Amino acid sequence: MGDVSVLGWFLNLTLLGLLAACLVFCLRLDRKLSHLRSGQDGLREAAQELSEATRHAELAVRNLRSTAMEAGRDLQARIDEARVLSDRGAPVNPSRPQRPKSETRW
């Protein structure tokens with residue numbers, strides 16, 4: 001019966017070693033999962049900041065588009081006015097004196 005108790009002790013010690021290894025593994029896994037969770041929080045914050053920046057960029061593009069359309073309409077009105085004045089023979093820019101045709105340079 002002495003052999004059975006030695007075998008029992010050996011199995012118990014082996015089981016104790018495996019349980020200790022499992023405990024160490026679980027602690028390491030828990031630590032890694034904690035780091036992963038905290039990293040996800042940072043990722044969520046970054047995603048929210050990116051979303052907010054995207055909204056601001058979309059608004060800026062809309063404003064820029066509106067400004068460009070307004071500038072285009074203003075430019076077209078000036079072009080139309082210049083064509084009318086040109087057809088009448090009036091100077092397009094009255095603040096700038098007209099050169100005689102003999103002074104025109106190429």
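Listed values, structure above:
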read-out: Dipole axis of the stretch 14-87 (+1 Lys, Arg; -1 Asp, Glu on Cβ), positive-most option in 15, 53, 84; value: 15
read-out: Quarter of Cα convex hull surface for the stretch 14-81, i.e. mean projection, nm²; value: 5.9
read-out: Contour excess over end-to-end distance, with Cα ends at residue 84 and residue 66 and 0.36 nm allotted per residue; value: 3.8 nm
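Read-outs throughout are calculated quantities, based only on the coordinates presented, and are distinct from any laboratory measurement. Fair warning: this is a prediction, and the values are worked out from it, not measured in the lab. Note: ideal-geometry Cβ built from the backbone for every residue, glycine included; neighbour counts use all protein chains shown.
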